[in-house]
1. So which residues in segment 96-117 are over 15 Å from ALA18 (Cα atoms) and either at pLDDT below 95 or buried (at least 16 other Cβ atoms within 10 Å of the Cβ) (or both)?
2. Just give me the residues in segment 158-190 being more than 18 Å from MET76 (Cβ to Cβ) and out of contact with any Asp or Glu (no Cβ under 7 Å at 6 or more places or on another chain), in sequence order.
3. Could you grab me the full set of residues in segment 259-300 that are at pLDDT 80 or above, β-branched (Val, Ile, Thr) and either under 17 Å from LEU221 (Cα atoms) or exposed (fewer than 14 other Cβ atoms within 10 Å of the Cβ) (or both)?
4. Within segment 153-166, can one find any residue that is closer than 23 Å to LYS104 by Cβ, of a type outside the set (A, V, I, L, M, F, W, C) and surrounded by fewer than 16 Cβ atoms within 10 Å (Cβ to Cβ)?
5. Quick test of your reading of the structure: GLY86 fulfils all but one of (1) at positive phi; (2) under 16 Å from the mean Cα position of the chain (by Cα); (3) of a type outside the set (Val, Ile, Thr). Name the failing condition by number.
6. So TYR71 fits all but one of (1) surrounded by fewer than 21 Cβ atoms within 10 Å (Cβ to Cβ); (2) modelled with pLDDT of 95 or more; (3) closer than 12 Å to VAL9 by Cβ; (4) not charged (D, E, K, R); what number is the exception?
7. Taking into account only those residues within segment 132-166 that are polar (S, T, N, Q) and under 19 Å from the mean Cα position of the chain (by Cα), which is farthest from SER181 (Cα to Cα)?
8. List pairs: first in segment 83-97 and of a type in the set (Lys, Arg), second assigned to a loop (DSSP other than H, G, I, E, B), Cβ under 7 Å, 6+ apart or cross-chain?
Amino acid sequence: MMITPSSTVVSKLIEIKAFERNAEGIRNADRRYLTAVGVPDRPLALWEFVADAADGDGGAARLFGKETQLYNTVAMTASAFEARAGGLPFAFLADVAIEDIAHKIASPDASLDLTREPVVANILRGISVRTGVTFSDAEIASLSAAIAHANRLIEQIALAGSRSYLDAVVKVQQVAQGEFSATLAQFARGHLTAAQLQTTTGKLSQAVAATRAFNVLPVYLGAFSATVAEGDGGDTYLEFTVVPYGDPALPVSVEYRTVAGTAAEGSDYEASAGTLTWAAGDTSPQIVRVRVLGDTTPEA
């Protein structure tokens, strides 16, 4: 099962006893969430929607967009409340936001449109009630306008089952959860006025355009085993080939180091450690060389 903001809401629906904790209850919770966000019903636990969206599935792409709006909303609200509270941890506040959303969509006719300011404002008020951290009505209006605007940037992207759609959505996510969440935190601390927040919100699209999407689809690394005859003396080398699989939109790097097993470091081989790096789009193989020290001592 892939753990996502959507699956976390479904789990929270079970936790608050909106649905039974059994297979039927989980499917009903899936259906309730997907209906609330306007996505065709499928079992979330079995849906590899990111890969499906990249392969042309429009329903999966819609879920990815809604999922990102949810993720962004939770991150932005938690950032604002963390800044105002000055002590409550971000993870706790994010969980409170998820729980409040779960309560709000539990009824059969509830919907969740996070591009609408009243919906976001209602979530902010719910978090406030659950935590005791308060904002004035004017502050809630400013925060909800900013968060809803960020979510509308995703809604404005032409929906398509394609890698380019995923990349465009992820660019909004990076800005919303990065620099814009920091801006909301500054506002919550009283370091920015409502007018200044509004000005920054109006420039979000430019910030998104200047952002580069991270690797939406996973990039896997394959490391191939190697063998070599040690010999009774002198040095030989084991050469391990490492190859990235996927379509890396950004550079990929991995750290490596040798660990002793039946061979002893220093007497059987020379310790080796380092970092392999591939540029964006590069899937060429790279070699890790380990120096083997020959001797006449038998190993297991």
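1. Of segment 96-117, the ones over 15 Å from ALA18 (Cα atoms) are 96-97, 111-117.
Selection gives VAL96, ALA97, LEU112, ASP113, LEU114, THR115, GLU117.
2. At the first step, the residues of segment 158-190 found to be more than 18 Å from MET76 (Cβ to Cβ) are 158-168.
If the condition is that a residue be more than 18 Å from MET76 (Cβ to Cβ) and out of contact with any Asp or Glu (no Cβ under 7 Å at 6 or more places or on another chain), then ALA158, LEU159, ALA160, SER162, ARG163, SER164, TYR165, LEU166, ASP167, ALA168 are the ones that fit.
3. The first filter runs over segment 259-300 and keeps only residues at pLDDT 80 or above, leaving 259-260, 263-279, 282-293.
Next, only the ones that are β-branched (Val, Ile, Thr) stay: 259, 275, 277, 283, 287-288, 290, 292.
Selection gives VAL259, THR275, THR277, THR283, ILE287, VAL288.
4. The answer is yes, given that some residue of segment 153-166 is closer than 23 Å to LYS104 by Cβ, of a type outside the set (A, V, I, L, M, F, W, C) and surrounded by fewer than 16 Cβ atoms within 10 Å (Cβ to Cβ).
5. Among (1) at positive phi; (2) under 16 Å from the mean Cα position of the chain (by Cα); (3) of a type outside the set (Val, Ile, Thr), GLY86 violates only (2).
6. (2) is the only condition that TYR71 fails.
7. First, the residues of segment 132-166 that are polar (S, T, N, Q): 134, 136, 142, 144, 151, 156, 162, 164.
With the extra rule that they be under 19 Å from the mean Cα position of the chain (by Cα), the set shrinks to 151, 162, 164.
Values: ASN151: 13, SER162: 27, SER164: 24 Å.
Filtering first and then ranking leaves SER162.
8. Going by the 7 Å Cβ cut-off, the qualifying pairs are ARG84/VAL133; ARG84/PHE135.
The values are calculated or read from the model by the stated rules, or taken from the named source; none is laboratory data. This one's a predicted model, so the numbers in the text were calculated from it and none came from an experiment. In this analysis, Cβ positions are derived from the backbone assuming ideal geometry, glycine residues included, and neighbour counts consider all displayed protein chains.
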